1. Among (1) free of Cβ contacts under 8 Å to residues at least 40 places away in the same chain; (2) away from ligand 1 (no atom under 13 Å from the Cβ), there is one condition residue 139 misses while meeting the rest; what is its number?
2. Criterion first (away from ligand 2 (no atom under 16 Å from the Cβ) and in the same structural domain as residue 9 (by TED's automatic domain parsing)) does residue 157 satisfy it?
3. Only one residue in 218, 158, 228, 143 is part of a loop (DSSP other than H, G, I, E, B), aliphatic (A, V, I, L, M) and open to solvent by less than 30 Å² (accessible area, probe 1.4 Å). Which one?
4. Take the residues in segment 599-626 that are touching a helix residue (DSSP H, G or I) at 6+ places or on another chain (Cβ under 7 Å) and without any contact (Cβ under 8 Å) to a residue 60 or more places away in the chain; name whichever of them is most open to solvent (accessible area, probe 1.4 Å).
5. When you scan segment 289-379 for strands (runs of 3 or more DSSP E) that lie fully inside it, which ones turn up with 2 or more residues that are in contact (Cβ under 8 Å) with a residue 60 or more places away in the chain?
6. Determine which member of the set 196, 203 is at pLDDT below 95, touching a Leu at 6+ places or on another chain (Cβ under 8 Å) and not aromatic (Phe, Trp, Tyr).
7. In the list 531, 538, which residue meets the criterion of being among the hydrophobic types (A, V, I, L, M, F, W, C), open to solvent by 40 Å² or more (accessible area, probe 1.4 Å), in contact (Cβ under 8 Å) with a residue 24 or more places away in the chain and under 29 Å from residue 511 (Cα atoms)?
8. What residue, of 12, 90, 19, is closer than 23 Å to residue 169 by Cβ and either crowded, with 19+ Cβ neighbours inside 10 Å or assigned by TED's automatic domain parsing to the domain that holds residue 151 (or both)?
Amino acid sequence: MSKQTLSFQAEVKQILHLVTHSLYSNKEIFLRELISNASDACDKLRFEALNNAALYEDAPNLEVRVAFDAEAKTITITDNGIGLSESEAVANLGTIAKSGTREFMAKLEGDQKKDANLIGQFGVGFYSGFIVADRITVESRRAGLKPEEGVRWTSEGAGDFEVETITRPERGTSVTLHLREGEDEFLAAWKLRSIIGKYSDHISLPILMRKEEWDSEAGKQKLTDEWAPVNKASALWTRAKNDITKEQYEEFYKQISYDTEAPLAYTHNRVEGRSEYTQLLYIPAKAPFDLWNRDKRGGVKLYVKRVFIMDDAEALMPVYLRFVKGVIDSADLPLNVSRELLQESRDVKAIREGSTKRVLSMLESLADSEDSAEREKYARFWKDFGAVLKEGVGEDHANQERLAKLLRFASTQADEGVSLSEYVKRMKEGQEAIYYITADTLAAAKSSPQLEIFRKKGIEVLLLTDRVDEWMLAHLFEFDGKPLQSVAKGAVDLGKLQDEEEKKKTEEAAEAFKPLLEKLKETLKDRAKDVRVTTRLVDSPACLVVDEGDISGHLARLLKQAGQDAPKGKPILEVNAEHALVKRLDGSAQFDDLAHILFDQALLAEGGQLEDPAAYVRRVNALLTS
Ligand code: ADP
Ligand code: MG
């Protein structure tokens, strides 16, 4: 077949433009990306060969070779992995399969250093070759195809690329970079070796380079024909803990997560017993851009006896720990394990349980550390991942208690970082419940009228403003034997916190108010389920509450925003018999207007929306002008 010129997909053109014009720091990562692709290609071959050993042809030893030619100014990375067919070369090197291009570009635009390191995170690592090369040639033959079915792909990294059919006896791929003017520093064996050592040491295949020897005639090093490994070629997690430095652990994390920052914590264990496996798990320091996507692929790679199986094995971690990165290498699973099988396997279940516990212990040891720097780390973790961890309270009943201890909240005493244990320690004598309020924002929660009596009595109330809070609370009923009680639900029963005199006063007020309450109930019967006198208010005239079993106004609004039908229940209007506005009701000629205003204001105060704002304005104006 003759040469064909094809155009890159629009997204690729954008990426290429950025790559060639904007990436200044860490240029050398192109080598990491191309070696990582070579290693992926070998993993794929090994995996396909599980069912078809013939794919190995006569080269069963998988390896990567890195070579350079100082005169031609080229670097070539060769692997004997799965290779590319012509159509795969067109599809995989001409389009971007994964989403995230836009996020990548946005991130780069915001990044002062224009760090090339970011690139692999977004599934576009191949194009990093164009940071240092003005032309890339890829020659490949897919395993199982005939030698005449090879392909050559060439591009200058602008709008288009060429493909042509070639004959290539050897299976796999070689990528040749024709270096740009000024990039000669990469044409040195020591330089390439040091980059490989820095970024690719954990790769479990041998990465080979030509040996050098001293050429006394020329007075410099000369390349020989002998190839020797540059890396240790043993998967990091299979090595003994004592032999691995913190730097190596961190570098490995950066490789698999494409994070530029070191992880917050990691754990590395060999687990023996019912199910045998090695786990190396990391907690990132910062949330990735797609943290909120619950369907996103998990961050844990599955290996079976050191053979890579898949990098998105959701079954290995509960959804609420989707931010965890790492590797699990099982000794028990069959090599041809499928996704379906994973979901059902008892071994996988044991791995998931064991790994979940490990992650929780890592978090606990940060949260409960003696060292304030460690606790500070936990506070940072909570800021980014707290809302995700809350999902676990409902999802993971077995670990609910441990998760509850890890929760942190704002409260009427501190804007952040309050744990339930701390709250319980601060409870007043006679206080039996843990009080909370939910609202859209911290400001709204803080100024909620329902808090008034709690403020007055110095009782702490947790202020919950995450969207998942309502959902979490539907699963968390108590902590340390103390019930969790919404201050906006049911009648306030401060129990032993109220003295006899106060109780008597309330009862008397309720009695004296009876006729007025009846009248209010009648006037507001379409809007309120009940009207009653309350002790929870100090400065405000009225507030809305719901019955114990009903959903809160806040949750009803969240459901509505999410386009779901909220069960239509009416709230209860509670009035403060001591308030001047409420006192004015008695015998007022404008009773109706006042009653509705009272209700509307209570609704506004809890962040609700008036069904008929114009009517509200009319009523207020009528009062103001009377
Ligand atoms: P990613 O590795 O995240 O998929 P890249 O941009 O690095 O993204 O590579 C794009 C695709 O090109 C790969 O998914 C793979 O299909 C193909 N590819 C790249 N290098 C090789 C190689 N050495 N052998 C086989 N396929 C390759
Ligand atoms: Mg890649």
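The values are calculated or read from the model by the stated rules, or taken from the named source; none is laboratory data. These numbers come from a predicted model, not from an experiment. Note: ideal-geometry Cβ built from the backbone for every residue, glycine included; neighbour counts use all protein chains shown. Remember, those area values only see protein heavy atoms, side chains included, never the ligands or the DNA or RNA. Shrake-Rupley method; radii C 1.70, N 1.55, O 1.52, S 1.80 Å.
1. (2)
2. Yes; evaluated as a whole, the condition is true for this residue.
3. Step by step, each of 218, 158, 228, 143 is checked, and only 143 is part of a loop (DSSP other than H, G, I, E, B), aliphatic (A, V, I, L, M) and open to solvent by less than 30 Å² (accessible area, probe 1.4 Å).
4. Here the residue is 619.
5. By residue number, 307-310, 325-330.
6. Just a single option satisfies the conditions, and that option is 196.
7. After ruling out the rest, the residue left standing is 538.
8. After applying the criteria, what remains is 90.
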